[in-house]
Each structure stands twice: as structure tokens, then as C-alpha cells.
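Read the structure below first, then the notes.
The values are calculated or read from the model by the stated rules, or taken from the named source; none is laboratory data. Everything numeric in this text was worked out from a predicted model, so none of it was measured. Heads up, the Cβs are rebuilt from the backbone with ideal geometry, glycines too, and the neighbour counts pull from every protein chain shown. These accessible areas exclude ligands, DNA and RNA; they are computed on the full protein's heavy atoms, side chains included. Shrake-Rupley method; radii C 1.70, N 1.55, O 1.52, S 1.80 Å.
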Amino acid sequence: MSLATPDPTVEAPALDVDPFGPEILADPIPFHERLRAAGPVVHLPRYDVYAMGRYAEVHAALVDWQRFQSAAGVGLSNFRSEKPWRPPSLLLETDPPHHDAPRHVLEPILNPRALRALRPRWETAAEELVEDLLERERFDAVSNLAERFPLRVFPDAVGIPEEGRENLLPYGDHLFNAFGPVNALVEKGLPRIAGVSGWVNEQCRREVLSADGFGARIWEASDCGDITAEQAPLVVRSLLSAGVDTTVHALGAVMAGFLSSPEQWERLRAEPARARVAFDEAIRWESPVQTFFRTATCDVRVGDVVVPEGRKILMFLGSANNDPSRWERPEEFDLDRDPSGHVGFGMGIHQCVGQHVARMEAECVLHALARRVKKIEPDGIPVRHLNNTLRGFSSLPARLVAR
Amino acid sequence: MSLSSSPAAAGRPAPVVASVGASGRVALVVTAKDPVADGVVRLRLEAPGGLRLPDWTPGAHIDLGLPNGLTRQYSLCGDRWDPRSYEIAVLREPDGRGGSAFVHDHLAVGDGIEVGGPRNHFPLVPADRYLFVAGGIGITPMLPMIEQATMLDTPWSLLYGGRRRVSMAFVDRLARWGDRVTLWPQDSHGLLDLASAVDAEPSGTKIYCCGPAPLLAAVESVCTDRPVGHLRIERFEAREQGPPVRTTGYEVELARTGTVLGIQPGDSVLDALAAAGAPVLASCRQGVCGTCETTVLAGTPDHRDSLLDEAQRRRNDCFYPCVSRSASDRLVLDL
């Protein structure tokens, strides 16, 4: 590891590009190569921030919450000097000790054991979804599958009412855009965000949530004082913020993997137990969450460069997940690969607390598909959806051949 | 199912976090051993090569896998901001089963040791105020809690009892907190006056207590009027249990293989699982540490552990096979 070598300090190499510009958001791969080639840490003069793209340094920094803090915001905006657009997340945008209690509360609610009770319902929902897709001559793997399944099962699991769920995707999309600079993507969301975000906040109230969902469990934790009654709605909000768009794009990624590598679909059909590997491999390969910022809590040496205290560092999770010094043929979506250690869910104390929820959703869908579908074929040109933080598609036209 | 590990041609980057082996433990080295009171030693444990250790939160404990085959739980009492070392304090228990005596008499600086966890059944939750009550070596989990309460600007006080002043560890470390700390050596002060200490606390105070079983029982008896969740106890000894629900045998089904085991009422489920070739990692065998936690898919456990609270017991979704049994004819486990 090179976080503490005794070499003399040098200036970070500068890359004069806009990583939030539409060209790089649409196809970040060439930029990631430049980023990794330039050094373990670079300077992005456009935003006057530092950036890391190599697996070793990104991984090391993500686990090092002591020196790379989150409480100054995991977006470009520095909460030390700027007011956040919404009250900061009690999970994503806090450090220990403030981070501990919300995390302790959420972990057992979302652990695999707790989720098991939901599996039969989700399997049925997945089977119905696949039957419906098979009845269509052609379908869109984004709108008809990747968006539809999480929006069907996840809000039920949280316990929010049916009405208004159409707000979830615009909310999440804006939230993840807002981690970047105020560019056209952010401006596009601004007119609606007050209303959408008001609706989301409303769903976090105890009276609104059903008695048996994750939301109710979070409120129960406040009854015995594991968190405060003021914290409970914000923890519920974290589920609604982080649990929808991310899963949508991750399901889109795994479908994109099978569409571009038909032999991998054969592989899954032959061995459906690989569904879980397929999903994590898709997250490594596409990295639906591309970036998060950290802030240096002291002068941090990375290679020969010292990142000064208080400065933002942009972690390129997608670049780390495709770093050829960590992964053989990283550009290949490969079910025989062991994707363990990818940083697509983050790493360390902030690693995605809802990852088991996403995995179980994906597993239900992939198992249902593997049972009923012989082939998944492209049926048009995929269209990228641009977001300052997320990588995904707005359309993946496809055709299914039944078994 | 096998997966190629596909190390890249250039080689995997060196790990930054000490890796957990197949046993669920990390191999650490004792890098310091100091007496901190009569009968108490403090150990510092680090990973070879100075790697980061798994993160922890105040109240967490680790399992120390001793070279003599015993496993013991100890609360972490160091600084969580230091990612490269764990600190624990071990009281020599003259009537113990040999774990603490081994640490005192045989474990030396430079020795390797297997460490499991950290796990936290005693997390510091938000409060208006904290009252920390420590008996003897029960001071260990309180030390990082005190640091964090201070950091959170939450008022706190500590009532710390021990047999004799010289047997009370970390008194010097607590000196800087002035009169927030009340030291109460039994030989000069008698038993802790828990009733007065608890009565003086407003309703928003959360009370944390760790120490010998009689102290825990005493604090429970003076906290009966406190709201749910306002008394938090760390047990290193098992809670008293009533008689088992069943006096007859029952069946345990292992869902992943379909194996069905017949269990006699006096048998340990843990032993039966091991005998059937489905061993579950265990440690304390007293329902205290949580290592053997097992998922229940169907049936009603007869919970006999000291970990789950009433609400958790009613969910019937997990149990600890070292001590717990079945209340129903059949228990289906996710094994």
C-alpha cells in the first residue's frame, strides 16, 4: 500500500477535464484509464478537488474513515462551509460517533435473516413479472424490468402507501445528481424537487408507514431508545433515498451484461445458483454508483502527494472496479470471476447497509428468468441515462425467447 | 460452486485490512502486556505488518482464542480511532475455568493469538445523559463509551465500584474527569449505593452497567420503573434461566440438507449438530457471546440465552444452539 511512503512531496498531476460532463458520464471508461495512468491521486482543477481511480488507493481510503471523512458531505459540496440542500443523511453523511446508532439500528432490519420472510412474496412477484414479459413480443429491460421490480417490492417492504410512488425515481435521481456540481442535470430536477422531497419526507412519518415494514421496525427502535424519535424519520428516509435508483440501475447493469454476453446467460441457465455472483459481477462491471467524495481530516499522503486537510477527494468506484491491476480483463462481464472485494457497494463502515436487499431482489428476478427464458436478445440500441453519480440506462430494448 | 480467484497479472494489491480466516478469526500478535491493577493486565493486540483491524464501536467485545483451546470474550477498551490495535484488560479469575489464568501466566508479548469479532451487544445509544455503572473489570467497555459521550457533548457520570482501590483498573486514566467519576472501593466504602445514584437521574438518562452478576441484578432491581431500553446491561455471565419448556425430546431439521436430528431433552443442540457433521462455530457455550447464532426457519425455540430481549425472542427467527432448545416438536434451522 502506498498511503504512507517516505518519498518527497510532489504536486498531484492535474487532469483538466469535467468528470461530470455529459461525454464522460455517458462513457467514463476512457477517462478512468487516464485517471489511473496519471497517478494514485490527481487534481481536478475544474472543481479544485482531488481524485483517485486505482483500486488499491480507493479501497484503502474507503476503509479509512478516520482520515477520509463523510460528514463533510459525500458530494462536491463541503458541509464545513456550505449548507446542505437537505438535512444530512444520518448514515451516509456522518462519521463516528454520530454514525453508530443509526447503523446499529438498520443492520439487523436489513440483514439476510430478517429479509428471509420477504422472499416468498418477492419470488412470486418475480415470476409474475417474467410471465408478463414473456407475453410481450419485445420489452424494455429498464422500464419493464429494472424499474418495475424494485418499485413493486421495495416500497411495500419499507411500508409506504401505494399513492405517490412515482415520486421515488425522480427523488432518487435528483439526490444522486446533487452529489455532483450544479450542472444541467441538477437544474433539470430543481423545479420538482421541493414537491417530491416533501412527499418523501411525509412517507417517513410513523402514522403513514404500515405496521410490518422496515419503516415500522425503525420506529420501534426509537421506542426502546436505540435511536431518537427525531432520528427515526431520517433513517427511514435513507431507505427511500438509497434503495430505489441504485437497485434499478444495478438490475439494468446485470441485464446489460447478459444482453452483451449471451454466453453468460447460458452460464446462468446452466447454473442458476450463480445469480448472486452475476449480480455482484454486474455491480463490479458497471458500478451503478460511480463516485462518492470524502474529505481529508488531516494532511493525508497518497503516494508522493499530500492531500491537504479539509480538501475533497473524489473516489471513482467504477474506475477501481475496472482497474486491470486488480481484475483480469475487467471489461468482461464474467460469471466465472470472483467479484468479491469490488467497491460498488462501498467498503468499510459506510458499505451499503441495504446490499442484502438488492441482492435478494436480483436473485428472485434472475432465478425466475433462468427458469422460463431460453434467450435474452438485444432488440435496439441501449440508451444511457446520465446522472452525476449513477451509471445506468434509460432504455435497454430486448426480446425474450421462452424455454 | 467454484470461482476462479483471478488474481491480476500484476498481482493483487497488498491488503490494508487484516483478513479473517476460515475460522472467522484474525491472527494477531500481543504487542504489549502491562499490569494496570492488582490482578488485571492490559493487552495490546496488533496484526502482523501493521494492517488495519476490523472496525468496532464502544461496547464491542472480541473473542480471544487462546492457544490452550479456550475462547474468552473481552470488551475493547482502547481508542477506536486507532485502526491498528485492540486493547483489552483481563482480570485473573481465581475461580475461573482457566482462560484468564492462561492470559496472566502464559501469554507473552510476541505471542500470536486468534481473535474473533468484534461484536457489539452493548452499543451506546443516544441519550440526554448517561449513568455508567461499572463493577471491577466491568470498567472496560465504559472507557470508550465515556470518550464518545464526551465527544457527543452528552453529560455523563460514572459510578465505579471494586473490591479494593488497588484492584480497580484505569483509575489513573479516569482521574482527568474529576468529579464526574465516583470511585467506590468496597473495603472502605461498602456496596455501591445504586438506589441513590439511579434516583438522582432524570428520566432521559440511559444507564449502562457491566460487572459481576450480583451488581447487574442489583441495578436491574432499582431500575424497574425506568422506561424500556433505558437500562443497558452487558453480561459476561449467563442469566438465571427457568426450567426448560419441554421435558420430552424434539426434532431439529437442517433445511439445506433435509437432515432430521432427534434431540433428547437434556442434549445440547450444538453438540447434536456437531455429531451430525453440521458443526456451528461456538465460543462461550453459555448463551452469552452470540457466536453460534443460528437462523430459525420454522418452529418455536425455547430461548435460554442471555442475549435476546423479549421482542427479539418473540420473533422466533434466531437462537443460540449452545443453550437454547425447542418449545415445538420440530425446529427447522437454516443449516
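Couple of notes before you dig in:
- Selected residue (only one of B:G290, B:G299 is open to solvent by less than 50 Å² (accessible area, probe 1.4 Å), among the small types (G, A, S), within 13 Å of chain A (Cβ to nearest Cβ) and in contact with a Leu (Cβ under 8 Å, 6 or more places away or on another chain)): B:G290
- Counted residues, the stretch B:100-131 - those being in a strand (DSSP E or B) and either open to solvent by 10 Å² or more (accessible area, probe 1.4 Å) or hydrophobic (A, V, I, L, M, F, W, C) (or both): 9
- In the stretch A:324-343, the residue that is nearest to the other protein chains (Cβ to nearest Cβ) out of those that are farther than 21 Å from A:L62 by Cα and in contact with a helix residue (DSSP H, G or I) (Cβ under 7 Å, 6 or more places away or on another chain) is A:R337.
- Some residue of the stretch B:77-99 being among the polar types (S, T, N, Q) and away from every other protein chain (no Cβ under 14 Å): no
- Residue check for B:P35: assigned to a strand (DSSP E or B), away from chain A (no Cβ under 14 Å) and surrounded by fewer than 16 Cβ atoms within 10 Å (Cβ to Cβ): yes
- Any hit, the stretch A:134-148, residues being crowded, with 17+ Cβ neighbours inside 10 Å and either of a type in the set (S, T, N, Q) or more than 20 Å from A:E377 (Cα to Cα) (or both): yes
- Of all residues in the stretch B:47-71, those being surrounded by fewer than 17 Cβ atoms within 10 Å (Cβ to Cβ) and among the small types (G, A, S) number 3.
- Only residues that are under 30 Å from A:W327 (Cβ atoms) and open to solvent by 10 Å² or more (accessible area, probe 1.4 Å) were counted in the stretch B:19-32, giving 8.
- Residue tally, condition closer than 15 Å to A:L90 by Cα, more than 9 Å from chain B (Cβ to nearest Cβ) and not hydrophobic (A, V, I, L, M, F, W, C), over the stretch A:216-229: 1
- Scope the stretch A:90-113; condition open to solvent by 20 Å² or more (accessible area, probe 1.4 Å), within 17 Å of A:G215 (Cα to Cα), modelled with pLDDT of 95 or more and facing chain B (nearest Cβ under 10 Å); matching residues: A:R103, A:H104
- B:L191 meets the conditions (1) open to solvent by 60 Å² or more (accessible area, probe 1.4 Å); (2) more than 14 Å from every other protein chain (Cβ to nearest Cβ); (3) within 17 Å of B:T57 (Cα to Cα); (4) hydrophobic (A, V, I, L, M, F, W, C) in every case but one. The failed one is (3).
- Every test in (1) assigned to a loop (DSSP other than H, G, I, E, B); (2) in contact (Cβ under 8 Å) with a residue 60 or more places away in the chain; (3) buried (at least 19 other Cβ atoms within 10 Å of the Cβ); (4) not aromatic (F, W, Y) is passed by B:D79 save one, and that test is (3).
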